[in-house]
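Chemist: Pasting a structure here, questions to come.
The values are calculated or read from the model by the stated rules, or taken from the named source; none is laboratory data. What you are looking at is a predicted structure, and each value in this text was computed from that prediction instead of being measured. Methodologically, a virtual Cβ is constructed for each residue, glycine included, from the backbone with ideal geometry; neighbour enumeration extends over all protein chains shown.
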Amino acid sequence: MTEDERINCPIFQKQEPAIKEITDRINMAKTVVEKARFAEKSQAEVNALLSCERYDKVSIDCKRCHFIATLRKETANLIINAKKLI
């Protein structure tokens, strides 16, 4: 993310390192079950962004945050659903 694309929000800035760490753990996990466990943790962090009390529908930062959070939530859902297939 370039400086121009940075999301200027203290809540996003607080959650982002935790989400990135969980994402790294998902990527390093060897099994679908292990990936799903981290994906569930990711969902909890992402839900904090999607349920933000400071959400402003006209703010470009809020729009970017929700877009990224929604993509991450959908990705986590795919991983969790993949676990159900095994």
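Chemist: Quick one: count up the residues across the range 41-82 that are without any contact (Cβ under 8 Å) to a residue 12 or more places away in the chain and either loosely packed, with under 15 Cβ neighbours inside 10 Å or touching a Leu at 6+ places or on another chain (Cβ under 6 Å) (or both).
Modeler: So the count comes out to 13.
Chemist: Can you spot a residue in the range 63-86 that is among the acidic types (Asp, Glu), at pLDDT 95 or above and more than 13 Å from the chain's Cα centre (by Cα)? Break it down into steps so the answer makes sense when it comes.
Modeler: Looking only at the range 63-86, we keep the residues that are among the acidic types (Asp, Glu), and these are 74.
Next cut, at pLDDT 95 or above only: 74.
Now narrow it down to the ones that are more than 13 Å from the chain's Cα centre (by Cα): none.
No: zero hits.
Chemist: Of all residues in the range 13-30, which are touching a residue at least 40 places away in the same chain (Cβ under 8 Å) and either surrounded by fewer than 14 Cβ atoms within 10 Å (Cβ to Cβ) or not hydroxyl-bearing (Ser, Thr, Tyr) (or both)?
Modeler: If we filter the range 13-30 for residues that are touching a residue at least 40 places away in the same chain (Cβ under 8 Å), which is where we start, we get 19, 23, 26.
Correct list: 19, 26.
Chemist: To continue, here is another question. Name every residue in the range 54-86 that is under 17 Å from residue 16 (Cα atoms) and part of a loop (DSSP other than H, G, I, E, B), in order of residue number.
Modeler: Once the filter is applied, which keeps residues that are under 17 Å from residue 16 (Cα atoms) and part of a loop (DSSP other than H, G, I, E, B), the range 54-86 yields 54, 55.
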